[in-house]
Amino acid sequence: MIEISDLRAGYGAINILWNISLDIAPGKLTTIIGPNGAGKTTLLRAIMGLVPVTQGRILFNGQPLGSVKTWEMANHGISLIPEGRMVFRDMTVEENLMMGAFAKQHRARSGVNLELAYELFPRLKERRRQLAGSLSGGEAQMLAMGRGLMSEPKVILIDEPSLGLAPVVVDDLFRILQRLKDEGRTIVLVEQNTHRAVGVADHVYLMQSGKVLLSKAAAEVDLDALHDLYFARD
Ligand code: ATP
């Protein structure tokens with residue numbers, strides 16, 4: 001569904017991603033793991049057109065994404081749920097959700113999708129008139145995810161959803177990821193919580209220093225061995 005080949009990208013003169021090649025299969029959950037600073041977020045940002053690509057290409061359903069502007073990505077069926085949640089704090093939960101269906105082509109189905117979001121995240125329905133700035137961390141993450149789903153994306157890119165959340169909330173979050181996966185959605189998950197991420201994934205890419213070091217079916221991944229090799233231990 002997304003094919004990335006020989007990609008280089010970075011910030012100004014600083015190159016971060018070095019000759020990255022990877023495939024995101026439709027209907028699967030692909031997780032990208034790796035130590036801090038490996039370039040995982042930069043890769044998601046490059047797919048979204050938020051980071052300049054200096055070499056290689058990104059194809060989405062066979063079409064190059066290079067000329068698509070970031071704000072057009074939702075129209076093409078790609079939705080990024082960024083790290084840090086980035087909800088509109090002074091707007092209500094429901095207004096935040098409706099922002100996810102802002103583009104003209106999504107407005108007609110916004111009512112249906114709002115109900116779907118509330119069905120997936122009942123907590124948000126209870127709090128629909130509450131200002132997003134007063135939500136807990138877990139609720140804000142659910143809101144960011146609900147908003148990302150309002151445009152009926154074909155691919156959902158999720159960056160570090162469990163960051164800073166209490167374990168019980170992380171359980172909820174992974175249950176929802178499992179459900180989205182069972183519904184046949186295409187998901188790319190960047191996670192620090194490697195055990196949970198690999199547990200829910202179909203395919204795993206490991207990045208380090210801007211390169212892909214490993215590509216494996218999740219069932220074949222030996223996480224303890226990877227941690228010893230690639231992740232710093234305290
Ligand atoms: P983490 O797990 O810590 O979030 P990551 O794998 O997502 O890490 P990135 O956030 O993609 O890594 O960062 C990769 C490298 O790019 C880091 O060395 C970081 O300092 C650098 N970097 C990130 N954003 C910028 C920026 N705006 N300008 C310059 N360098 C940046």
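The values are calculated or read from the model by the stated rules, or taken from the named source; none is laboratory data. For clarity, every value in this text was computed on a predicted model and none was experimentally measured. FYI the Cβ positions are ideal-geometry reconstructions off the backbone, even for glycines, and counts take in every protein chain you see.
For PRO167, the stated conditions hold: it is in the same structural domain as ALA197 (by the TED database), at negative phi and more than 17 Å from the chain's Cα centre (by Cα).
Could you tell me whether segment 105-120 includes any residue that is among the acidic types (Asp, Glu) and free of Cβ contacts under 8 Å to residues at least 12 places away in the same chain?
Residues of segment 105-120 among the acidic types (Asp, Glu): 115, 119.
Filter once more, keeping what is free of Cβ contacts under 8 Å to residues at least 12 places away in the same chain: 115, 119.
Yes, segment 105-120 has at least one match.
Assess whether LEU17 counts as being surrounded by 15 or more Cβ atoms within 10 Å (Cβ to Cβ) and within 16 Å of the ligand (Cβ to nearest atom). When the stated conditions are applied, LEU17 passes them.
Contact annotation: residue pairs with Cβ atoms under 7 Å, 6 or more positions apart or on different chains, pairing a residue in segment 196-212 that is farther than 20 Å from LEU163 by Cβ and touching a residue at least 40 places away in the same chain (Cβ under 8 Å) with a partner that is in a helix (DSSP H, G or I) and more than 12 Å from the ligand (Cβ to nearest atom), are ASP202/ALA218; HIS203/ALA218.
For segment 183-202: of the residues being surrounded by fewer than 18 Cβ atoms within 10 Å (Cβ to Cβ) and small (Gly, Ala, Ser), which is nearest to LEU223 (Cα to Cα)? Walk me through it before giving the result.
In the first step, residues of segment 183-202 are kept if they are surrounded by fewer than 18 Cβ atoms within 10 Å (Cβ to Cβ); the result is 183-184, 192, 195, 199, 202.
Checking the rest, the ones that are also small (Gly, Ala, Ser) come to 184, 199.
Details: GLY184: 25, GLY199: 10 Å.
Selected residue: GLY199.
Among the candidates LEU180, LEU157, LEU135, LEU206, the residue that is under 18 Å from SER79 (Cβ atoms), out of contact with any Cys (no Cβ under 9 Å at 6 or more places or on another chain) and buried (at least 21 other Cβ atoms within 10 Å of the Cβ) is uniquely LEU157.
Would you confirm whether or not segment 38-46 contains a residue that is more than 10 Å from the ligand (Cβ to nearest atom), in contact (Cβ under 8 Å) with a residue 12 or more places away in the chain and within 20 Å of LEU59 (Cβ to Cβ)? Don't jump to the end; show me each part of the working.
Here is the first cut: in segment 38-46, the ones more than 10 Å from the ligand (Cβ to nearest atom) are none.
Within segment 38-46, none of the residues are more than 10 Å from the ligand (Cβ to nearest atom), in contact (Cβ under 8 Å) with a residue 12 or more places away in the chain and within 20 Å of LEU59 (Cβ to Cβ).
Checked against (1) touching a residue at least 40 places away in the same chain (Cβ under 8 Å); (2) over 22 Å from GLU3 (Cβ atoms), LEU189 meets all criteria but (2).
Checking the conditions here, which among HIS203, HIS227 is assigned by the TED database to the domain that holds ALA38, out of contact with any strand residue (DSSP E or B) (no Cβ under 7 Å at 6 or more places or on another chain) and of a type outside the set (Lys, Arg)? Lay out the reasoning, then the answer.
Numbers: HIS203 fails: out of contact with any strand residue (DSSP E or B) (no Cβ under 7 Å at 6 or more places or on another chain).
Exactly one of HIS203, HIS227 is assigned by the TED database to the domain that holds ALA38, out of contact with any strand residue (DSSP E or B) (no Cβ under 7 Å at 6 or more places or on another chain) and of a type outside the set (Lys, Arg), namely HIS227.
Tell me, which strands (runs of 3 or more DSSP E) wholly within segment 1-108 include 3 or more residues that are closer than 24 Å to LEU213 by Cβ and touching a strand residue (DSSP E or B) at 6+ places or on another chain (Cβ under 9 Å)?
On the way: elements: 2-11, 14-24, 29-33, 53-60, 78-81.
Output list reads 2-11, 14-24, 29-33, 53-60.
Residues that are out of contact with any helix residue (DSSP H, G or I) (no Cβ under 8 Å at 6 or more places or on another chain), of a type in the set (Gly, Ala, Ser), within 16 Å of the ligand (Cβ to nearest atom) and more than 30 Å from MET91 (Cβ to Cβ) are absent from segment 212-220. Can you tell me which residue within segment 160-176, out of those that are aliphatic (A, V, I, L, M) and under 30 Å from GLU3 (Cβ atoms), is surrounded by the fewest Cβ atoms within 10 Å (Cβ to Cβ)? Per the stated criteria, the residue is LEU163.
If you check GLY66 against the conditions, is it outside the structural domain of LEU131 (by the TED database), among the small types (Gly, Ala, Ser) and at pLDDT 90 or above? Criteria not met by GLY66.
Would you be able to say whether some residue in segment 145-161 is free of Cβ contacts under 8 Å to residues at least 24 places away in the same chain and away from the ligand (no atom under 16 Å from the Cβ)?
Taking segment 145-161 as the starting set, the residues that turn out to be free of Cβ contacts under 8 Å to residues at least 24 places away in the same chain are none.
For segment 145-161, residues free of Cβ contacts under 8 Å to residues at least 24 places away in the same chain and away from the ligand (no atom under 16 Å from the Cβ): absent.
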